[in-house]
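In what follows, a structure is listed as structure tokens, so that the remarks can point back to it.
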Amino acid sequence: MPMEKMKFQEELIKVGFNSQEKERSASFLQEDDKVKLVRSIASDIEITSTQKALKKYSWLKKYYKKAFKEAGKGFPGDTYEGGYFIWVKENAQIFFPIQTCLFLKKNRFSQKVHNLVIVEEGAQVYLITGCGASPQSFESYHLGVSEFFIKKGAYLNFTMIHNWQNSTVVDPKSVAVVEEGAVFVSNYICLSPVKRVTMYPEALLVGEKAKARFTSLLFAHPDSFLDIGSKVVLKAFSTSAEVISRAISNKGEVIVRGHLRSESSQVKAHLECQGLMLSEKGRIWAVPQLETFYQDVDMSHEAAIGKISKEEIEYLCSRTLSREEAKSIIVRGFMNTDILFLPQVLKSEVERLTQEVIKSGL
């Protein structure tokens with residue numbers, strides 16, 4: 001295998017993309033503005049580029065920009081090159097995850113993609129999206145616009161792993177529309193150096209007993225700036241939501257935002273942020289926000305920021321570990337991937353990637 005191809009595959013592995021497609025139900029790979037791979041192994045999944053899907057299905061136009069309109073947001077930009085369309089058919093139970101990758105390779109390139117995901121009634125699926133940049137990609141920009149539609153009784157677990165370069169600027173924007181009895185789980189992992197990431201995904205719970213959960217694992221390296229937020233609007237009766245964040249600053253800056261807005265009664269929602277400072281030069285800023293128009297709601301938030309305790313270090317050192325080994329164990333335990341609600345087929349992969357990146361960053 002040529003050296004360049006081997007290095008490219010190594011970069012894909014870092015964001016959870018399996019080039020052999022082992023234990024995957026469908027794959028999509030885009031490099032800069034070119035789609036390199038599209039394949040569906042499961043008959044209940046259709047996957048292609050958004051542009052091709054819009055040409056193929058006239059009915060799809062009613063979904064285009066719809067999520068942003070329902071959220072009362074203007075659609076960001078009007079020119080896109082690529083992005084994936086995923087359509088999971090009614091009552092499909094997909095065991096192996098779908099994998100997608102949006103990769104930057106060129107210097108000073110602006111990648112602008114629009115992704116559309118539709119999970120039909122009663123279907124269940126896991127989607128892992130890896131976004132990254134080649135070491136040769138300098139001062140590049142990524143704008144990823146995503147719209148998710150989770151129909152009645154459906155389940156979507158969406159995990160996004162970022163592995164950028166320290167000169168990359170990243171600006172993801174997404175809205176999910178979650179119908180009656182449906183569940184939307186969104187996991188975000190950013191542990192490698194990056195110049196700036198600004199994201200504030202939103203979920204609209206429009207059907208009764210709909211649920212949403214946002215989870216973030218963040219590690220801010222020196223000179224990295226992460227402004228990460230999540231918003232859930234509980235629009236229907238008896239809906240529920242959680243926003244959970246784990247943030248570490250190692251001389252980098254992290255802003256963690258969370259907004260829960262109740263627009264109906266009998267809702268339950270919780271915000272939680274835990275921060276860990278590894279250096280006096282870093283910064284963590286937790287910004288929780290709760291909002292309601294009704295009395296009979298159960299909404300709460302908690303935030304805690306601290307440092308590794310001297311007692312924890314001394315205890316582990318007494319077990320024959322060095323101070324650096326002790327520190328590494330504490331940090332890796334803090335970034336516990338169990339909170340991501342991943343299936344076993346993905347859990348071990350994500351755990352390995354997370355531990356490797358954290359270890360290299362300490």
Exercise. Would you mind computing, in nm to one decimal, how far apart the modelled labels at LYS62 and ILE330 are, each placed 7 Å from Cα along Cα→Cβ?
Key: 5.6 nm
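Which net charge results when you count Lys and Arg as +1 and Asp and Glu as -1 among the other residues whose beta-carbon is under 12 Å from that of GLU280? Write down the numbers at each step before the final one.
Numbers: positive: LYS251, LYS281, ARG283, LYS307; negative: none.
In short, +4.
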Quiz prompt | Radius, Kirkwood style, for the chain when every pair of distinct Cα atoms is counted (Å) | solution = 20.9 Å
Practice problem: Could you work out the local net charge near PHE214, counting Lys and Arg as +1, Asp and Glu as -1, over the other residues with Cβ closer than 13 Å to its Cβ? | Solution: +2
Quiz item: When the Cα centres of the stretch 141-155 and the stretch 275-352 are compared, how far apart do they sit, in Å?
Solution: 27 Å
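Where in the chain are the DSSP H helices whose alpha-carbon span along the long axis reaches 30 Å or more and whose Kyte-Doolittle mean is at least 0.0?
Helix filter hits for the chain: none.
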Quiz item: Hey, what do the phi angles of the stretch 46-54 turn into as Karplus ³J(HN,Hα) couplings, whole Hz, using 6.51/-1.76/1.60 and θ = phi - 60°, x for Gly and Pro?
Solution: 10, 9, 6, 6, 4, 4, 5, 5, 5
Practice problem: Can you check what the net charge comes to around VAL185, using other residues whose Cβ is under 13 Å from the Cβ of VAL185 (Lys, Arg +1; Asp, Glu -1)? | Solution: +1
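Please identify every one of the trypsin sites (Lys or Arg not before Pro) in the stretch 77-166 that sits in a loop by DSSP and has no more than 11 other beta carbons within 10 Å of its own beta carbon. Before the final figure, lay out each step's value.
Working: sites: LYS89, LYS105, LYS106, ARG108, LYS112, LYS151, LYS152; in loops: LYS89, LYS105, LYS106, ARG108, LYS151, LYS152.
Of the trypsin sites (Lys or Arg not before Pro), the ones in loops of the stretch 77-166 whose Cβ has at most 11 other Cβ atoms within 10 Å are ARG108.
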Quiz item: So between GLU208 and LYS307, what do we pick up on full extension, going 0.36 nm a residue minus the alpha carbon distance?
Solution: 31.5 nm
Quiz item: For the stretch 309-362, what is one quarter of the convex hull surface built on the Cα atoms, given in nm²?
Solution: 4.2 nm²
Quiz item: If contacts are Cα pairs under 8 angstrom and at least 6 residues apart, what is the relative contact order of the stretch 177-329 in percent?
Solution: 18 percent
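Helix-only estimate, please: 222 nm mean residue ellipticity of the chain, summing -39500 (n - 2.57) across DSSP H runs of length 4 or more and dividing by its residues, to the nearest 500. List each step's numbers first, then the result.
Numbers: 6 runs with 61 residues, N = 362.
My calculation for the chain gives -5000 deg cm²/dmol from helical runs alone.
Just order 115-122, 289-296 by mean Cβ neighbour count inside 10 Å, highest at the front, would you?
Numbers: 115-122: 22.1, 289-296: 12.1.
Highest-to-lowest ranking by the protection proxy: 115-122, 289-296.
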Practice problem: Starting from one equal scatterer on each C-alpha and no solvent at all, send me the Debye-based log10 I(q)/I(0) for the stretch 262-311 at q = 0.15, 0.17, 0.19, 0.26 Å⁻¹, two decimals. | Solution: -0.55, -0.62, -0.69, -0.97
Quiz item: Considering only DSSP beta bridges with both partners in the chain, what is the antiparallel share in %, to the nearest 5?
Solution: 10 percent
Practice problem: Between SER110 and GLN51, take the C-beta separation as r, use R0 = 25 Å, and let me know the FRET efficiency to the nearest 0.05. | Solution: 0.90
Quiz item: For the chain, what's the relative contact order in percent, using C-alpha pairs closer than 8 Å and at least 6 residues apart?
Solution: 10 percent
Exercise. Pop out the carbon and sulfur fraction of the accessible area of the chain as a percent, whole number, probe 1.4 Å.
Key: 48 percent
Quiz item: Distance in nm between label sites at GLU81 and GLN344, each 7 Å beyond Cα in the beta-carbon direction?
Solution: 4.4 nm
Practice problem: Give the cross-link partners of LYS235 among the aspartates and glutamates, using a straight C-alpha distance below 15 Å as the criterion and excluding same-chain residues fewer than 8 apart. | Solution: GLU70, GLU179, GLU180, GLU202, GLU208, GLU263, GLU291, ASP296, ASP298
Quiz item: Could the peptides 62-68, 191-197, 214-220 be put in order, highest first, of the mean number of other beta-carbon atoms found within 10 Å of their residues?
Solution: 214-220, 191-197, 62-68
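Exceeding 26 Å between C-alpha atoms, which entries from my cross-link table qualify? They are LYS22/LYS231; LYS62/LYS112; LYS211/LYS327; LYS22/LYS55; LYS14/LYS65; LYS14/LYS34. All intermediate terms of the calculation are to be shown ahead of the outcome.
Numbers: LYS22/LYS231 34 Å; LYS62/LYS112 21 Å; LYS211/LYS327 36 Å; LYS22/LYS55 30 Å; LYS14/LYS65 31 Å; LYS14/LYS34 20 Å.
In this structure, LYS22/LYS231; LYS211/LYS327; LYS22/LYS55; LYS14/LYS65 exceed 26 Å between Cα atoms.
The values are calculated or read from the model by the stated rules, or taken from the named source; none is laboratory data. Keep in mind it's a predicted model, so treat the numbers as computed, not measured. In this analysis, Cβ positions are derived from the backbone assuming ideal geometry, glycine residues included, and neighbour counts consider all displayed protein chains. SASA here: full protein model, heavy atoms, side chains in, ligands and nucleic acids out. Shrake-Rupley method; radii C 1.70, N 1.55, O 1.52, S 1.80 Å.
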